[in-house]
Amino acid sequence: MAFYRGNVVDLTDIREITADLPRSYEVLVRDRIKFRVGQIVYLAVAADEQTIGLGFPREERAAALAAEPDKFLPPRPSDERFQWIELNLAAVDYDELRELILDAWSMCVPKKVRAAYFGD
C-alpha cells in the first residue's frame, strides 16, 4: 500500500488506487474525469472534485443513504436507475475510498479478472 499523504482524499488518491486495476482507464468526458472498464463507467469525479459518483449496489443504496447521509448522497434522478451513488470525499479516508473504488470496479469486470486481481 502506498503512503497516505493527508487527511482529505483527492483526485491524486483516486488515480493511485485505480492505476493498477486491470482493464481500468481514465477518460475526459464533457470536462469530467471518469474511470471505465470497457464502456462502463464505474467512477466519475465531479467538476469541483469534492464528490464522486461510483458504482454501488442499488439494493444497498437506501440503507447507505439513511445510515451515513454526510458521506453518501443520492445520485442525480437520471442516474437512479443505475447501480450508482454519490460520495462526499471529505467524509472518507484513503482506506475506505479504496474499498469503495475496488467494489465499484469489481462490479464491472469479468469474474475471472476480479478473481485474478484479488487472488481468489
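The values are calculated or read from the model by the stated rules, or taken from the named source; none is laboratory data. Here the structure is a predicted model, which means the values were calculated and not measured. No Cβ is skipped: glycine too gets one built from the backbone with ideal geometry, and neighbour counts run over all protein chains shown. To get the accessible areas, we keep the full protein, side chains included, count just its heavy atoms, and leave off ligands, DNA and RNA. Shrake-Rupley method; radii C 1.70, N 1.55, O 1.52, S 1.80 Å.
Laid out as a table, the results:
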{"item": "Among (i) 11, 35, 23, 10, 9, 8, 3, 1; (ii) 13, 40, 34, 12, 2, 0; (iii) 13, 47, 35, 5, the entry that matches P(r) over Cα pairs in 10 Å bins from 0, in percent as calculated here", "result": "(iii)"}
{"item": "Aspartates and glutamates with Cα under 16 Å of Lys71, excluding same-chain neighbours fewer than 8 positions away", "result": "Asp10, Glu49, Glu60, Glu86, Asp93, Asp95, Glu96, Glu99"}
{"item": "Relative contact order of the range 33-89, pairs being alpha-carbon contacts under 8 Å that are 6 or more residues apart, as %", "result": "32"}
{"item": "Chain lengthening between Ala90 and Val113 when straightened (0.36 nm per residue, less Cα-Cα)", "result": "5.2 nm"}
{"item": "Dipole magnitude of the range 11-118, debye to nearest 20 (Cβ charges: Lys/Arg +1, Asp/Glu -1, about Cα centre)", "result": "720"}
{"item": "Heavy-atom SASA rank of Ile40, Ile17 (probe 1.4 Å, accessible area, largest first)", "result": "Ile40, Ile17"}
{"item": "Relative contact order (%) - the chain, alpha-carbon pairs under 8 angstrom, separation at least six", "result": "26"}
{"item": "Net charge contributed by nearby residues that have their C-beta within less than 12 Å of Ala19 (K/R +1, D/E -1)", "result": "-2"}
{"item": "Sequence of Ser78, Ser24 from largest to smallest accessible area, 1.4 Å probe", "result": "Ser78, Ser24"}
